[in-house]
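Bear in mind that the values in this text are calculations on the coordinates, not laboratory data. Bear in mind the structure is a predicted one, so any value in this text is a computation, not a measurement. Methodologically, a virtual Cβ is constructed for each residue, glycine included, from the backbone with ideal geometry; neighbour enumeration extends over all protein chains shown.
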Amino acid sequence: MRIEYIFALLLLFFSPLIGDDNESPKKNKSSNLNIVVSGIKSDSGFVRVHLYNSERKDFFPKKTLQCYKRQVIEIKDGICRLSFNDLPYDTYCFSVHHDENANEKMDTNILGLPTEGWGISNNVKLFMRLPNFDECSFILDNNDITINVEMRY
């Protein structure tokens, strides 16, 4: 009886250490995001990509310095391919911009409209307004994904 009592206490004490360490199926999980940008009118300059996650959604799309991750990619034959690897499962969106003159900013006209190419995830159609995170976002989970975006001028 005494041995059974001690065994029960030991089992109770060590059971949290024996259990499954996957508290959440998405905890510490990651996937890769592949982006293909097409419709780039020239190979001059670079494509700048700004990736935003759900924690930084309030900065999309204007505050590019506050984005989650960024890349600057060279253009080849009017197409640009890039990857963000090992991204934690989350909701994301991104913006792309053809920095033709390599001045590290989006050039605009007197009305504030872009004079360089631009694009956003989900290829959302816009008219005289900025996109919001929710309409451009996608969920990155289980599988690696590839998203195609068309550059607009």
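Observations on the model:
- Working ranking of peptides 74-87, 48-61, 104-117 by packing, defined as the average number of other Cβ atoms within 10 Å per residue, highest first, is 48-61, 74-87, 104-117.
- In sequence order, calculated HN-Hα J values of segment 90-97 (Karplus, 6.51, -1.76, 1.60; Hz; x Gly/Pro): 5, 9, 10, 8, 8, 10, 10, 8
- Added length on full extension, which subtracts the Cα-Cα distance from 0.36 nm per residue, residue 32 to residue 138: 36.9 nm
- The packing ranking, built from the mean of other Cβ atoms within 10 Å per residue, places the peptides 35-46, 128-139 in the order 35-46, 128-139, highest first.
- Among 153, 92, the ranking by other beta carbons within 10 Å of each residue's beta carbon, starting with the fewest, stands as 153, 92.
- Residue 63-residue 76 pseudo-label distance in nm [points 7 Å out on the Cα-to-Cβ vector]: 3.6
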